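Report on one structure; see the data block that follows.
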Amino acid sequence: ARVVMADASTLDQKRAKLLEEAKGHLDKITKSLITEISECMSPPPGLSLVAKAICICFDKVPEDGKIWDATRTIMLDPEQFLQGLSAMGLESFGDDLLEKLKPLMEDDDFSVERCCKTSLFGGLLRQWLGCLYAAAQLK
């Protein structure tokens, strides 16, 4: 029983560290950064997968496949968008969401390195998502 408790405590510490990192990345995303990206008529190069991740997280994947239009709508109000991201915690990342995000998280084009090279916004959002995704998988 003692070993199990130590394992649970270690998992809790890892989760807490990942959640703290996620918040740090999110805190760096500014309203002006969101506005700058959302005003683009088409996704800047490399942001297509970030846009898809946003739609998945907000459960707004469009049936017509117009991911960028849906993403721009989600980001229309930067304040509300940031609040929506901030409100997403471990409880938001259930098995269903993890399953939907898995192909993206395993895609080399969606790596932290590639997203960071694409844009500050894309890199920060990818890092935030990566931390929450990893924390949610610690069971």
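The values are calculated or read from the model by the stated rules, or taken from the named source; none is laboratory data. From a predicted model like this one, the values you see are computed outputs, not experimental measurements. Every residue, glycine as well, gets a Cβ built from its backbone with ideal geometry; the counts of neighbours run over all protein chains shown.
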Among K60, K28, K23, which is the only one that is at pLDDT 95 or above, within 13 Å of the chain's Cα centre (by Cα), on the phi < 0 side of the Ramachandran plot and charged (D, E, K, R)? K23
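Could you tell me whether A135 is buried (at least 19 other Cβ atoms within 10 Å of the Cβ), among the aliphatic types (A, V, I, L, M) and over 22 Å from R15 (Cβ atoms)?
no
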Check P62, P103 and return the single one that is more than 19 Å from L18 (Cβ to Cβ) and out of contact with any helix residue (DSSP H, G or I) (no Cβ under 7 Å at 6 or more places or on another chain). P103
Here are the criteria: (1) among the hydroxyl-bearing types (S, T, Y); (2) surrounded by fewer than 19 Cβ atoms within 10 Å (Cβ to Cβ); (3) more than 22 Å from Q13 (Cα to Cα). Tell me which single one S86 does not satisfy. (3)
Give me the pairs, please: first residue somewhere in segment 85-113 and closer than 13 Å to L129 by Cβ, second residue anywhere and of a type in the set (D, E, K, R) and modelled with pLDDT of 95 or more, beta-carbon distance under 6 Å, and either six or more positions apart or on two chains. V112/R126
Residue that is nearest to I34 (Cα to Cα) [pool: residues in segment 111-131 that are over 12 Å from the mean Cα position of the chain (by Cα) and either of a type in the set (D, E) or assigned to a helix (DSSP H, G or I) (or both)]: L120
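Starting from residues that are part of a helix (DSSP H, G or I) and touching a Leu at 6+ places or on another chain (Cβ under 9 Å), keep the ones in segment 82-101 and report whichever is modelled with the lowest pLDDT. Even if it seems obvious, please write down each step before you answer.
First, the residues of segment 82-101 that are part of a helix (DSSP H, G or I): 82-87, 90-92, 95-101.
Add one more test, that the residue is touching a Leu at 6+ places or on another chain (Cβ under 9 Å), and what stays is 82, 85-86, 90, 92, 101.
On the way: L82: 97, L85: 97, S86: 96, L90: 88, S92: 92, L101: 97.
My answer is L90.
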